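This report refers to the structure that appears directly beneath it.
The values are calculated or read from the model by the stated rules, or taken from the named source; none is laboratory data. Note that the coordinates shown come from a computational prediction; the quantities given were computed from them, not determined experimentally. Cβ placement follows ideal geometry from the backbone for every residue including glycine, while neighbour counts extend to all protein chains displayed. For accessibility, only protein heavy atoms count, side chains too; no ligands or nucleic acids. Shrake-Rupley method; radii C 1.70, N 1.55, O 1.52, S 1.80 Å.
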Amino acid sequence: MKTILHKADTRGDANHGWLHSKHSFSFANYHNPERMNFGVLRVLNDDTVSENRGFGTHPHRDMEIVSIPLEGDLKHMDNMGNSTIIKEGDIQVMSAGTGVMHSEYNNNPDKPVKFLQIWIIPNKMNVEPRYDQITIADNAKPNDFQQILSPNQDDAGVWIYQDAWFHLANFDKEISKEYKLKKAGNGVYIFVLEGKAKIGDQVLEKRDALGISETNSFELEALENSKILLMEVPMELPT
């Protein structure tokens, strides 16, 4: 098993006043040649947006973009005709493909919105752009791995153009469970949203991350009541 540890306080920090973003990988003005990606996982931004502020209309192309709200409500608009609100308990996915324009704003007048912005390099380029969002809270699985994203349109969660699987683990203290990787050659980037967890001898606290590769499975143990995001992705970049 190969591992790489990213402690919460080693992330890039960008505070623009209206936006406070923590970058797990190089993004915008934060550049770290040793933190460019984890396989096809290119971006993991932990964003906090002030009241009535947000990202104006901007373009994307050939990227799978996933948003997971953690607190508050996020308004999304795009040139595909979508105008929606996503909130805690939802997941949103957008295949940028041949090109999309979109904006994201805090829809709350009195509190910040917090969300994860995740970019995955796709295995298929120049696809027709698409948008989807679902509520995942209704299908939450306490003390189990809840699948929220996969490559399969008919499987649980949203789907993307990549052999990737995301799971949420809402574990009570002292719960331990084995995660088995879905595909050979994939790795898993484990990101602790809340609580404290242990994998092997490595203890992970809130917003710590551990990348695991070159293994078929590993054991995840919650040392406290914990909420953890597991992102299984191919480790080889598309050619």
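Just a few scattered comments:
- Residues (open to solvent by 40 Å² or more (accessible area, probe 1.4 Å), touching a residue at least 40 places away in the same chain (Cβ under 8 Å) and assigned to a loop (DSSP other than H, G, I, E, B)) located in segment 152-204: 161, 163, 172, 173, 174, 175, 182, 183, 185, 200
- Complete set of residues in segment 1-44 that are outside any strand (DSSP E or B), touching a Ser or Thr at 6+ places or on another chain (Cβ under 6 Å), in contact (Cβ under 8 Å) with a residue 40 or more places away in the chain and closer than 30 Å to residue 125 by Cβ: 11
- Some residue of segment 48-63 being open to solvent by less than 10 Å² (accessible area, probe 1.4 Å), in contact (Cβ under 8 Å) with a residue 40 or more places away in the chain and over 17 Å from residue 109 (Cα atoms): no
- Within segment 48-85, if we keep just the residues that are closer than 16 Å to residue 160 by Cβ and among the β-branched types (Val, Ile, Thr), the residue that is farthest from the chain's Cα centre (by Cα) turns out to be 65.
- Among the numbered conditions (1) open to solvent by less than 20 Å² (accessible area, probe 1.4 Å); (2) under 28 Å from residue 212 (Cβ atoms); (3) of a type in the set (A, V, I, L, M, F, W, C); (4) not in a loop (DSSP other than H, G, I, E, B), the only one that residue 74 does not meet is (2).
- Sole residue being polar (S, T, N, Q), open to solvent by less than 60 Å² (accessible area, probe 1.4 Å), part of a strand (DSSP E or B) and in contact with a Leu (Cβ under 7 Å, 6 or more places away or on another chain), chosen from 146, 117, 133: 146
- Scanning segment 78-109 for residues that are part of a strand (DSSP E or B) and touching a Gly at 6+ places or on another chain (Cβ under 8 Å) yields a total of 6.
- Scanning segment 205-239 for residues that are among the small types (Gly, Ala, Ser) and in contact (Cβ under 8 Å) with a residue 60 or more places away in the chain yields 209, 211, 213.
- Test: residue 62 is part of a strand (DSSP E or B) and modelled with pLDDT of 95 or more: no
- Unique match (being within 28 Å of residue 205 (Cβ to Cβ) and open to solvent by 40 Å² or more (accessible area, probe 1.4 Å)) among 89, 17: 17
- Residue check for residue 124: part of a loop (DSSP other than H, G, I, E, B), within 24 Å of residue 19 (Cα to Cα), assigned by the TED database to the domain that holds residue 15 and not polar (S, T, N, Q): no
- Residue within segment 205-213 that is within 25 Å of residue 80 (Cβ to Cβ) and outside any loop (DSSP other than H, G, I, E, B) present: no
- Segment 201-217, residues that are over 20 Å from the mean Cα position of the chain (by Cα) and closer than 20 Å to residue 176 by Cβ: 201, 202, 203, 215, 216, 217
- Any hit, segment 45-59, residues being in contact with a strand residue (DSSP E or B) (Cβ under 8 Å, 6 or more places away or on another chain), in a loop (DSSP other than H, G, I, E, B), closer than 30 Å to residue 153 by Cα and outside the structural domain of residue 189 (by the TED database): no
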